[in-house]
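All remarks here apply to the structure that follows.
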Amino acid sequence: MKVTIPNLGNLASIAGKSLLSNLGHEVILPPSNTKRTLDLGVRYAPEYCCLPLKIVLGNFIEALEKGADTIIMVGGWGPCRFGYYAEIQRMILKSLGYKFEMIVLEVPRGNLIRILRYVNLLRNKQSLSSLINAGEIAWSKVVAIEELEKEALRIRPRENIKGETSRILKKGLSLIDNTNSIGEIERIKQQIIDDFNKIKVKKNKELIKVKLVGEFYVALEPFVNHNIEEKLGYLGVEVERGVSIKPWITSVFSLNFLKVGYQKEKNPIEKAANPYLPQSVGGEGQPTVGNVVLASEKGFDGAIQVVPFTCMPEIVAETVNKKVSEDLDFPVLTLIFDEQTGEEGLNTRLEAFIDLLKSKKYDRHLTARRLAS
Ligand code: SF4
């Protein structure tokens, strides 16, 4: 079996690859996302499909061209179209003449038989302890990657020499990719954090702080969001992500449903969204609203919502966020990404939004000073 998975920032190409190769699968990753990936997806996917489907379709075509014969894709449920995507991609690829197997990992949602079937498929005839070991290594990589990326978001807007944070992060990610020991992953993570802390930073720089919210794939895949986190860092903005893969993995593999009388409680983000959007609308729609509310309470200067064109959950969240923004006097910029999104237009909108946040912050300082005197 020559297995492939879609790109998703550094997570799939490092942690996903690690899990599968440690279970003895031959892993053929798609090349990093490029304009060709996007063009392939746009050419063969129906026009109305959202951007993630198109890019992932492009990934699969490029991986099949490299010799992959088995595709692993995740499934979904609920009001968003994600649940149909694997099937649409399978039909398109078959109609193009590719020969492959597609394994769709549906979210188990308490279905023990489904969990056992996936465990069996993934473990590739290896022992259960090998599966656990491979899972632990991959999980350590996920945690380390997300922690280092988070730290880089904090340091980048403060760095004296442009690009130093990204250079150190890249080195750390490459070291994590090349190790297979949990102790070593932890050591590398600490070493990279130490290296970050040695970066010379600008003194007394008062930064704008922004929460990045929105659809999972667009928020986490730099090619699709035009490297928005780095762009903002270089504009002197400290970004905090509202999207992370860790809670998603935890909820998928949680065995809480086995507990008698178990009822899922709302998490703090859902609770914050509750007055505006009390129920899930699929995807990250509800967390997007909850994260905006929390960001305003925690003293952020604004939020940026990233949305793939035609994404229903994020369109709902965008409409709700207008009310949130008005009620809380909290600026939210919504950026919609599709195959037409251009670099210049995006830069202009980001710069204008950051200028607005700076002037609001300045006004707040003036008012505070006046009240104090
Ligand atoms: S969340 Fe949005 S972009 Fe993602 S699959 Fe659903 S509709 Fe498409």
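Observations on the model:
- Whenever a residue of the stretch 177-188 is assigned to a helix (DSSP H, G or I), its partners that are of a type in the set (Ser, Thr, Tyr) and open to solvent by less than 60 Å² (accessible area, probe 1.4 Å), lying with C-beta atoms within less than 7 angstrom and at least six residues away or across chains, give the pairs Ile182/Ser140; Ile185/Ser140; Ile185/Thr179; Ile188/Thr179.
- When we screen Ile161, Ile182 for residues that are under 28 Å from Leu356 (Cα atoms) and either within 16 Å of the ligand (Cβ to nearest atom) or open to solvent by 60 Å² or more (accessible area, probe 1.4 Å) (or both), the only hit is Ile161.
- Checklist (1) open to solvent by 40 Å² or more (accessible area, probe 1.4 Å); (2) touching a residue at least 24 places away in the same chain (Cβ under 8 Å); (3) more than 21 Å from Asn225 (Cβ to Cβ) applied to Ile72, failing item: (1)
- Met102 meets all of the listed conditions (1) open to solvent by 10 Å² or more (accessible area, probe 1.4 Å); (2) assigned to a loop (DSSP other than H, G, I, E, B); (3) not basic (Lys, Arg) but one, namely (2).
- Helices (runs of 4 or more DSSP H) completely within the stretch 259-338 that count 3 or more residues being under 20 Å from Arg81 (Cβ atoms): 285-297, 312-328
- Test: residue in the stretch 107-115 that is assigned to a helix (DSSP H, G or I), more than 15 Å from the ligand (Cβ to nearest atom) and either at pLDDT 90 or above or surrounded by 13 or more Cβ atoms within 10 Å (Cβ to Cβ) (or both): yes
- Condition check for Ile14: within 16 Å of the ligand (Cβ to nearest atom), open to solvent by less than 20 Å² (accessible area, probe 1.4 Å) and not assigned by TED's automatic domain parsing to the domain that holds Asn133: no
- Sole exception among (1) among the β-branched types (Val, Ile, Thr); (2) free of Cβ contacts under 8 Å to residues at least 12 places away in the same chain; (3) open to solvent by less than 50 Å² (accessible area, probe 1.4 Å) for Ile228, by number: (2)
The values are calculated or read from the model by the stated rules, or taken from the named source; none is laboratory data. As the structure is a computational prediction, the values presented were derived from the model and not from experiment. As a convention, Cβ positions derive from the backbone with ideal geometry for all residues, glycine included, and neighbour counts pool all protein chains shown. Protein only, heavy atoms only, side chains kept; ligands, DNA and RNA dropped before computing areas. Shrake-Rupley method; radii C 1.70, N 1.55, O 1.52, S 1.80 Å.
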